[in-house]
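To keep things clear, I will list the structure first and then write my remarks on it.
The values are calculated or read from the model by the stated rules, or taken from the named source; none is laboratory data. As the structure is a computational prediction, the values presented were derived from the model and not from experiment. So basically every Cβ, Gly included, is an ideal-geometry build from the backbone, and we count neighbours across all protein chains shown. Surface accessibility is based on the protein's heavy atoms, side chains included, excluding ligands, DNA and RNA. Shrake-Rupley method; radii C 1.70, N 1.55, O 1.52, S 1.80 Å.
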Amino acid sequence: MTVLEFVGEVPGTTQEVFRWHENPGAFDRLTPPWESIEVLQAVDSLRNGSKGVLRMKVGPIPITWKTEHTDYTPPSLFVDKQTQGPFKSWTHYHHFEPLSDMTTKILDEIHYEAPLSFLS
């Protein structure tokens, strides 16, 4: 299993920053414009059980990626997990931690296992 971590600090209380991620369109605002990702089914919530479907291309090959949210614990955590897609396993943890009254640390932790990982 491989783990990637990304850490950032953003202005706002932990509650405000978490709510921003809950707002409709947050995924679109966070996706870089050069990524060719098409939302086939938008996630309607970060709550447990909410699902989304994306289509992306790996080279010329279209891949459908299905996810489900788990571990909804506002304002400190939500998790999305691949239920079908390009990875053998993939789970994305979104941690929110107050650094001060008006600054929040976001830690994105992605645990994944690539397909055919036994070869790598």
Any chance segment 101-111 includes a residue that's exposed (fewer than 13 other Cβ atoms within 10 Å of the Cβ) and within 20 Å of Gly8 (Cα to Cα)?
yes
Inspect segment 5-12 for any residue being surrounded by 13 or more Cβ atoms within 10 Å (Cβ to Cβ), within 13 Å of the chain's Cα centre (by Cα) and within 17 Å of Asp80 (Cβ to Cβ) and give the result as yes or no.
no
Restricted to segment 38-50, and to residues that are out of contact with any Asp or Glu (no Cβ under 9 Å at 6 or more places or on another chain) and open to solvent by less than 100 Å² (accessible area, probe 1.4 Å), which residue is farthest from Thr70 (Cα to Cα)?
Glu38
Residue under question is Glu35, and the condition is that it be within 20 Å of Phe87 (Cα to Cα), open to solvent by less than 90 Å² (accessible area, probe 1.4 Å) and outside any strand (DSSP E or B); does it hold?
yes
If you scan segment 17-32, which residues turn out to be of a type in the set (D, E, K, R), surrounded by 12 or more Cβ atoms within 10 Å (Cβ to Cβ) and either within 13 Å of the chain's Cα centre (by Cα) or part of a loop (DSSP other than H, G, I, E, B) (or both)?
Glu22
First in segment 8-37 and under 22 Å from Glu97 (Cα atoms), second anywhere and open to solvent by less than 50 Å² (accessible area, probe 1.4 Å) and in a helix (DSSP H, G or I), Cβ under 7 Å, 6 or more apart
Val10/Val17; Trp20/Ala26
Expected single match for among the basic types (Lys, Arg), in a strand (DSSP E or B) and over 13 Å from the mean Cα position of the chain (by Cα) among Lys57, Lys66 is Lys57
Among the residues that make up segment 63-86, is at least one of them surrounded by 12 or more Cβ atoms within 10 Å (Cβ to Cβ), touching a strand residue (DSSP E or B) at 6+ places or on another chain (Cβ under 8 Å), among the basic types (Lys, Arg) and under 19 Å from Leu107 (Cα atoms)?
yes
